[in-house]
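Rule-based calculations on the coordinates, nothing more; no lab input. What you see is a predicted model, and the numbers here were worked out from it, not measured in a lab. Virtual Cβ from ideal backbone geometry, glycine too; neighbours counted across all protein chains shown.
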Amino acid sequence: MSIRSVVLDHPAPLVWLWEALSRLLRALPGAFRRLGIERSSRWVGVVEHPLKRAVFGCRECGQCVLHTTGMTCPMTCPKELRNGPCGGVCRDGKCEADPEMDCVWVQAIERAGRTRYALDVHLVNPAPDWRRRGRSSWVGYALEANEPLAGGGETPLSALDVLQPPGAP
Ligand code: SF4
Ligand code: SF4
């Protein structure tokens, strides 16, 4: 077992780091706005992308959802699924498309349960906007330019609402 997989299997400290970073990012939108999203993305991406590639296998989708998936990158799924597993997960938890790897969504659901965002793994994510691929998701977060979670209104749609609508017996 590698150090990386041990770190990813215990995601709570990574979530704390994300929370600290998100507080910093929320203080910076003015600076990013002055620089412009493209230039800010280039500069911040110099740090963000190699770091996240090394730790999470980041594919630079530009709309990060890591803290809702137990710090497991959904874009490392061979089908790039962002809303739960496909129907082909092997019984041993391996990926049907690549039996050498563990299913990303099995890992995400297990790891999310070890963070305080356990229920957020059920939030429904929109399809990625590929115009944002390669951009810094940290800058997008600071500028609130990342796509809102699907569902409309102030309350994001949760898969649990679909499976168990409020008021359903
Ligand atoms: S969700 Fe997107 S930005 Fe976040 S680690 Fe995965 S590819 Fe990178
Ligand atoms: S088995 Fe898991 S990792 Fe593999 S394609 Fe399906 S959802 Fe993605």
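Here the chain is assigned +1 on the Cβ of each Lys and Arg and -1 on the Cβ of each Asp and Glu. Its dipole about the Cα centre then comes out at about 680 debye. Close amide-amide hydrogen proximity is noted between Lys94 and Cys103, each under 5 Å apart and 5 or more residues distant or on a separate chain (H modeled in the peptide plane; Pro and chain starts excluded). Can you give the local net charge around Val89? Use residues other than it whose beta-carbon is closer than 14 angstrom to its beta-carbon, Lys and Arg +1, Asp and Glu -1. Residues close to Val89 contribute a combined charge of -2. Under 5 Å from the amide H of Cys58 lie the amide H atoms of Arg53, each residue being 5 or more positions distant or on a separate chain, with H modelled from the backbone and absent for Pro and chain starts. Anisotropy class assigned to the range 59-134 is oblate, per the alpha carbon gyration tensor with a/c at or over the 1.5 cut-off and a/b no larger than b/c.
By the Cα gyration tensor, the chain has an equivalent ellipsoid whose semi-axes, rounded to whole angstrom, run 26, 21, 15 from largest to smallest.
Segment Ala97..Arg114, full-extension length gain: 3.5 nm, with 0.36 nm per residue of separation and the alpha-carbon distance subtracted. Couplings 3J(HN,Hα) for the range 11-18, derived from phi with the Karplus relation 6.51 cos²θ - 1.76 cosθ + 1.60 (θ = phi - 60°), are x, 4, x, 5, 5, 4, 4, 4 Hz, where x marks Gly and Pro. When the Cα positions of Ser2, Ser136, Asn125 are compared along the charge dipole of the chain, Ser136 comes out farthest toward the positive end, with charges on each C-beta of Lys, Arg, Asp and Glu.
Just how far, in whole angstrom, is the range 3-32 from the range 48-85 if you go by their alpha carbon centroids? Distance between centres, Cα-based: 13 Å.
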